[in-house]
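Engineer: Just dropping this structure here.
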Amino acid sequence: MTKAVRITVDGASLLAQEGQSLTAALMMAGVSAIRRSPSGEARGALCAMGSCHECRATVDGVRGVRTCLVPVKEGLRVEREMKLSRLPLEPSPGGDEGGALQVIETGLAVIGAGPAGLAAACAAAELGMKVVIIDESMGPGGRIWSHRHDPPLAARSWLERAREAGVLKLQGYSVFSGRAGILDVARVTDGKRVRIHCQSMVVATGAMERFLPFPGWTLPGVVGAGALQSLIKGGLNIDGRRVLVAGTGPLLLAVARLAKESGAEVILAEQSSLADRSSLAIPLLLSPSRWKPARQLLKALGGIERYSSSWVTEARGGPGLKEVVLRTPAGDRVMEVEGLAIGYGLIPETRVAVGLGCDLEPTGAVRVDSLQQSSIAGIYCAGEPTGIAGCEAAIDEGLVAGIAAAGKTPKAGLLARVRRHRFWGQALEDAHPLREDLGKLACDSEILCRCEDVTVGDVSEISSIREARLIHRVGMGPCQGRICESAALCQSLSGSDTIRPPWTVVPGENQDISSAQ
Amino acid sequence: MDRHHVIIIGAGIVGVSCAHQLSQRGSRVTLIEAGPGPGVQGATAAGMGHIVVNDGDPDLLKLCLRGREMWRQLLEENVGDRGYWNTGTLWLAEDEEQLQSLERARDRLHSAGVESHTVQGAGLFDLEPALNRNLTGGLRIPHDGVVYAPKVTARLLSQATEVESRFGTRVTRVGDGVVTLEDGTEMKADAVVIASGVSLLENLDGEQDSRWKKILKILPREGHLAITARGTGILRHHVVEAGYQKGAHGVVEEAIACAILPRPTDQLCLGSSRRPGRAGAVDPGVMKKVIDRCERFVPGVRRLPILRTWTGARAATVDGKPLIGPVPGWNRTWLAGGFEGLGITQAPAAAELLAQRIHAETCTLDAGPWDPGRMPVLSAGGRSD
Ligand SMILES: Cc1cc2nc3c(=O)[nH]c(=O)nc-3n(C[C@H](O)[C@H](O)[C@H](O)COP(=O)(O)OP(=O)(O)OC[C@H]3O[C@@H](n4cnc5c(N)ncnc54)[C@H](O)[C@@H]3O)c2cc1C
Ligand SMILES: Cc1cc2nc3c(=O)[nH]c(=O)nc-3n(C[C@H](O)[C@H](O)[C@H](O)COP(=O)(O)OP(=O)(O)OC[C@H]3O[C@@H](n4cnc5c(N)ncnc54)[C@H](O)[C@@H]3O)c2cc1C
Ligand code: FES
């Protein structure tokens, strides 16, 4: 099923599997450090979903490519950004005026091909709209349905429906700029630009993980919890490896399960207490549809080493990860591990929505009405950007958004389901409150902003995110604050950063004039 | 008697420079700023930070030169973001005619005592191998440089003693020696300095002398900039095309010119545009024109990853010169604004001049060209230079 291909890394040839995520291929070959930070630290992938930019490298001569979004193919040339050359550049194709831009005209543009985006696209297309769906990852399905070979059962019908309804897919393209009616997108691998003109949009950009700094969190080999999931799905083999899955939230359970099923020796540590989580009992009792999956999950997790009210206070190693200190109610335990997957819950990915001008709720989620319409007419938002509530919520919100975008009225039953999902999402969040200690794990010398190597101590005397950015460079690197802003808020900085284009950093403009119209 | 007390409105690079200069002269300073900190809200947070000796006008040249001299005294040289990075400026000519105009500029600079020299052909590419080989030549001004304005502003403020800073506080009205805050508080001082950038004249109490309110004008000029990722520092000089100053003052339509500033962080700041108006959302069309214009002088920049783009507003005046001096007809309220695209360069010199005037000292530079009272009382439409 998988074809072995050759790629080169810094000139050396190595074997990888076709279609594997490039980050996973590099890790499999023992290359977990992909770039050097400004102060010279070796760094590797953190999020494995395109947010942190820690995995970037020069791929086939294109700088700043996020390797976690690139599928391996024969002959790929990778140069790690360990030492960048500053040689004169090749002129850009198209001369000083640039080439003609490829333009796509459509009725609806859907941003994100996760459950929410796919559902929206299907609903609108089946009602006769011309639909384009844009997604930056390697394949459709978003976080939960991402796959390398066969799509998971739940995803299949949606992918099938989208195909039949003639939804146009731009997979491997990031949306980086735009306004109502216009989106600018760029291909992840080479920066090829496409402009999309549309009547309406559905923003279904999902969520990202919350990272909190602690000593050692920048070591290559320390990845997000969801990141481990993405890497395994992207072809990382962890058979026989000892990995700690830590942090908070239901995602940890899904990750631990996948890691176990992939042959790893898994340890699971949840920071919230059993008492916190017991608040879920009643909402769970009230939703019978969740009983079976919950039972299956618990069964699958049987036999793994588990800790509650426990969290990682330090990761040690150098250059790679060697051991982890876990604070448990019974005292600190030092554990030898080969991998640490750690995430402190999910936060809505709202950059595209905010960039388009949509208002946020005080909670940080995009404000929508009962038809999923944002504060801007014609711009809908569905799934995790409107609040973390999981896959079923994403699907139903996507349906509502797609139907509304097509000018129809969703059925009352569907709307009622959306309300119930929101209630469940809130219950999940309430059951996993973050303990205050977690914001204080990092000492002054610990890195806060990974892109720019700004330490916690550097920002100790200021009070706003704006000063942290402009005076100390927090969030001035390629992730543009995605990773460090939530960490900075825990360091008692206030406010938020402005979102400016590019909403996500893409390789420089490289217009493919031959394909332009 | 109480200490001489000055209220300064605006903690951009100009307001903070004034605080620095005034506190050195023994004044007690209250600095009032709407934003959360120094240099993070207005044009200071948006500007490129090129410290440039501009030869367009003999008076402006003196102000720039004094500004540059003071920056080089105030800051350590070549220590990265927190100091003065001595990059030099390289003005670029695309043809013989432009080169001749740069040669004339060189002669004027020489007579003002500014070191500069022209280069042609291969000499240009020895200086900057990344430049387009079709360029005819250039003018190099070796002591120009680069500062990172927000950081320098914060440092300058931390060095000033006797300054009480009130951030997150907005001024809603300014009279002669009196300031009203948004919560209604009224504050009086021996002197009030308005350094609120593009908002310079907005809160001036016009009833006292509406005549001046009609002729003093701030014309905002929006500019678009972009910053590349690290590892792209392919230039040593700040490079600017010869026609850059076009559209800086007076009434302008849209103007796009190549200005590329290397940053000590191994990045490039790409600029820039000018069009009437305040800083709004980034316009992708304008941004593209700016980057395409830069591509023309430094081939390949368009393929560099851009981390962020943004806009800022320069505060232009009707006659193209800043306003440094008392509000005409008033005794206790002073203006420091209208610097258009040169406020970072000129801030220390302007602050020195203003502090000297407030303290009735002999001025280092002639005060006349900058005095807000210089404006002829005539048609409010203005004229371009
Ligand atoms: C790392 C991670 C792992 C998760 N794992 C699970 C799990 O195992 N089980 C579970 O029930 N839930 C999981 N979740 C929660 C998950 O978000 C929801 O269950 C569900 O997938 C949400 O669907 P969605 O359509 O809202 O978003 P997603 O499925 O996240 O889809 C959003 C899509 O938008 C794309 N996108 C975002 N920004 C842009 C842009 N600027 N340009 C182009 N494309 C863009 C992304 O690449 C992504 O494919 C996970 C979440 C995260 C962050
Ligand atoms: C795109 C661009 C590029 C530039 N490049 C350069 C360059 O390379 N070199 C150069 O020398 N100059 C450059 N400039 C110009 C330079 O940035 C400005 O001239 C300079 O920063 C002006 O400083 P300031 O302190 O007067 O104004 P600002 O920095 O705008 O500060 C004014 C402050 O006043 C505050 N304020 C306003 N109203 C009130 C109120 N009512 N109450 C309280 N506070 C208030 C604001 O919040 C703000 O912080 C550039 C400008 C732009 C826009
Ligand atoms: S690991 Fe690829 S962007 Fe985070």
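The values are calculated or read from the model by the stated rules, or taken from the named source; none is laboratory data. All values derive from a computational prediction rather than experimental measurement. Cβ placement follows ideal geometry from the backbone for every residue including glycine, while neighbour counts extend to all protein chains displayed. Just so you know, the surface numbers come from the protein's heavy atoms only, side chains and all, with ligands and any DNA or RNA stripped out. Shrake-Rupley method; radii C 1.70, N 1.55, O 1.52, S 1.80 Å.
Engineer: Considering only the range B:329-385, state which residues are modelled with pLDDT under 95 and of a type in the set (Lys, Arg).
Structural biologist: If the condition is that a residue be modelled with pLDDT under 95 and of a type in the set (Lys, Arg), then B:Arg374, B:Arg383 are the ones that fit.
Engineer: Okay, moving on. Which one of A:Arg148, A:Arg161, A:Arg143 is away from every other protein chain (no Cβ under 14 Å), closer than 30 Å to A:Glu436 by Cβ and either assigned to a loop (DSSP other than H, G, I, E, B) or in contact (Cβ under 8 Å) with a residue 12 or more places away in the chain (or both)?
Structural biologist: A:Arg143
Engineer: What helices (runs of 4 or more DSSP H), lying completely within the range B:86-170, carry at least 3 residues that are among the polar types (S, T, N, Q) and surrounded by fewer than 19 Cβ atoms within 10 Å (Cβ to Cβ)? Can you show your working first?
Structural biologist: Details: elements: B:96-111, B:122-127, B:149-159.
Correct list: B:96-111.
Engineer: To continue, here is another question. I'm trying to understand the selection: among the residues of the range A:264-313, which are part of a strand (DSSP E or B) and either open to solvent by 30 Å² or more (accessible area, probe 1.4 Å) or not charged (D, E, K, R) (or both)? Break it down into steps so the answer makes sense when it comes.
Structural biologist: Our first condition is that a residue be part of a strand (DSSP E or B); within the range A:264-313, this holds for A:265-270, A:305-307, A:311-313.
Within the range A:264-313, A:Glu265, A:Val266, A:Ile267, A:Leu268, A:Ala269, A:Glu305, A:Arg306, A:Tyr307, A:Trp311, A:Val312, A:Thr313 meet the criteria.
Engineer: Follow-up question, since we're still on this one. Filter the range B:1-42 for residues that are more than 14 Å from every other protein chain (Cβ to nearest Cβ) and small (Gly, Ala, Ser); which is nearest to ligand 2 (Cβ to nearest atom)? First the steps, then the outcome.
Structural biologist: Within the range B:1-42, the first condition is being more than 14 Å from every other protein chain (Cβ to nearest Cβ), and the residues that meet it are B:1-10, B:14-15, B:17-32.
Narrowing further to those that are small (Gly, Ala, Ser): B:10, B:15, B:17, B:19, B:23, B:26-27.
On the way: B:Gly10: 3, B:Gly15: 5, B:Ser17: 8, B:Ala19: 11, B:Ser23: 17, B:Gly26: 23, B:Ser27: 18 Å.
Here the answer is B:Gly10.
Engineer: For the range A:427-464, how many residues are part of a helix (DSSP H, G or I), within 14 Å of chain B (Cβ to nearest Cβ) and open to solvent by less than 10 Å² (accessible area, probe 1.4 Å)? First the steps, then the outcome.
Structural biologist: Of the range A:427-464, the ones part of a helix (DSSP H, G or I) are A:427-430, A:436-440, A:457-459.
Those left that are additionally within 14 Å of chain B (Cβ to nearest Cβ): A:458-459.
If we keep only those that are open to solvent by less than 10 Å² (accessible area, probe 1.4 Å) as well, we get A:459.
So the count comes out to 1.
Engineer: Checking the condition of a type in the set (D, E, K, R), open to solvent by 20 Å² or more (accessible area, probe 1.4 Å) and within 16 Å of ligand 3 (Cβ to nearest atom), which residue from A:Arg143, A:Arg156, A:Arg163 passes? Walk me through how you get there before you give the answer.
Structural biologist: Details: A:Arg156 fails: within 16 Å of ligand 3 (Cβ to nearest atom); A:Arg163 fails: within 16 Å of ligand 3 (Cβ to nearest atom).
Result: A:Arg143 is the single residue among A:Arg143, A:Arg156, A:Arg163 that is of a type in the set (D, E, K, R), open to solvent by 20 Å² or more (accessible area, probe 1.4 Å) and within 16 Å of ligand 3 (Cβ to nearest atom).
Engineer: Of the residues A:Gly50, A:Gly40, only one is without any contact (Cβ under 8 Å) to a residue 24 or more places away in the chain and small (Gly, Ala, Ser); which?
Structural biologist: Going through A:Gly50, A:Gly40 in turn, just one is without any contact (Cβ under 8 Å) to a residue 24 or more places away in the chain and small (Gly, Ala, Ser): A:Gly40.
Engineer: Identify, please: which residue in the range A:485-508 is free of Cβ contacts under 8 Å to residues at least 60 places away in the same chain and more than 13 Å from chain B (Cβ to nearest Cβ) and is, among those, farthest from the chain's Cα centre (by Cα)?
Structural biologist: So the residue we want is A:Ser492.
Engineer: Restricting to the range B:118-168, count the residues that are among the hydrophobic types (A, V, I, L, M, F, W, C) and in contact with a helix residue (DSSP H, G or I) (Cβ under 8 Å, 6 or more places away or on another chain).
Structural biologist: Here is the first cut: in the range B:118-168, the residues among the hydrophobic types (A, V, I, L, M, F, W, C) are B:119, B:122, B:124-125, B:127, B:130-131, B:135, B:139, B:141, B:146-147, B:149, B:152, B:154, B:156-157, B:160, B:163, B:167.
Cutting the leftovers down to in contact with a helix residue (DSSP H, G or I) (Cβ under 8 Å, 6 or more places away or on another chain) gives us B:119, B:131, B:135, B:139, B:141, B:147, B:149, B:152, B:154, B:156-157, B:160, B:163.
Summing the residues that are among the hydrophobic types (A, V, I, L, M, F, W, C) and in contact with a helix residue (DSSP H, G or I) (Cβ under 8 Å, 6 or more places away or on another chain) in the range B:118-168 gives 13.
Engineer: Would you call A:Gly64 within 16 Å of ligand 1 (Cβ to nearest atom), at pLDDT below 95 and under 25 Å from A:Thr205 (Cα atoms)? Before you say what the answer is, go through the steps one by one.
Structural biologist: Working: within 16 Å of ligand 1 (Cβ to nearest atom): yes; at pLDDT below 95: yes; under 25 Å from A:Thr205 (Cα atoms): yes.
Answer is yes for this residue.
Engineer: If you check A:Cys381, A:Cys391, which single one turns out to be within 24 Å of A:Cys479 (Cβ to Cβ) and more than 16 Å from ligand 3 (Cβ to nearest atom)? Break it down stepwise before answering.
Structural biologist: Details: A:Cys391 fails: within 24 Å of A:Cys479 (Cβ to Cβ).
Checking each option against the conditions leaves just A:Cys381.
Engineer: Show me the strands (runs of 3 or more DSSP E) entirely contained within the range B:234-316 in which 1 or more residues are more than 23 Å from B:Thr89 (Cα to Cα) and within 11 Å of chain A (Cβ to nearest Cβ).
Structural biologist: On the way: elements: B:238-241, B:255-263, B:267-276, B:306-316.
Answer list for the range B:234-316: B:306-316.
Engineer: Now a separate question. Provide a single number: the residues in the range A:166-184 that are touching a helix residue (DSSP H, G or I) at 6+ places or on another chain (Cβ under 9 Å), without any contact (Cβ under 8 Å) to a residue 60 or more places away in the chain, open to solvent by less than 60 Å² (accessible area, probe 1.4 Å) and away from every other protein chain (no Cβ under 14 Å).
Structural biologist: Matching residues across the range A:166-184 total 2.
Engineer: Under 7 Å between Cβ atoms, which residue pairs at least 6 apart in sequence (or on different chains) link something in the range B:160-174 that is over 17 Å from B:Gly35 (Cα atoms) with a partner that is open to solvent by 70 Å² or more (accessible area, probe 1.4 Å)?
Structural biologist: B:Glu162/B:Arg28
Engineer: Might you check whether a residue that is more than 24 Å from B:Leu304 (Cα to Cα) and among the polar types (S, T, N, Q) occurs anywhere in the range A:447-460?
Structural biologist: The answer is yes, given that some residue of the range A:447-460 is more than 24 Å from B:Leu304 (Cα to Cα) and among the polar types (S, T, N, Q).
Engineer: Please work out which residue is farthest from ligand 1 (Cβ to nearest atom), limiting yourself to the range A:19-61 and to residues that are within 14 Å of chain B (Cβ to nearest Cβ) and more than 26 Å from A:Pro213 (Cβ to Cβ).
Structural biologist: Across the range A:19-61, the extreme among qualifying residues is A:Gly61.
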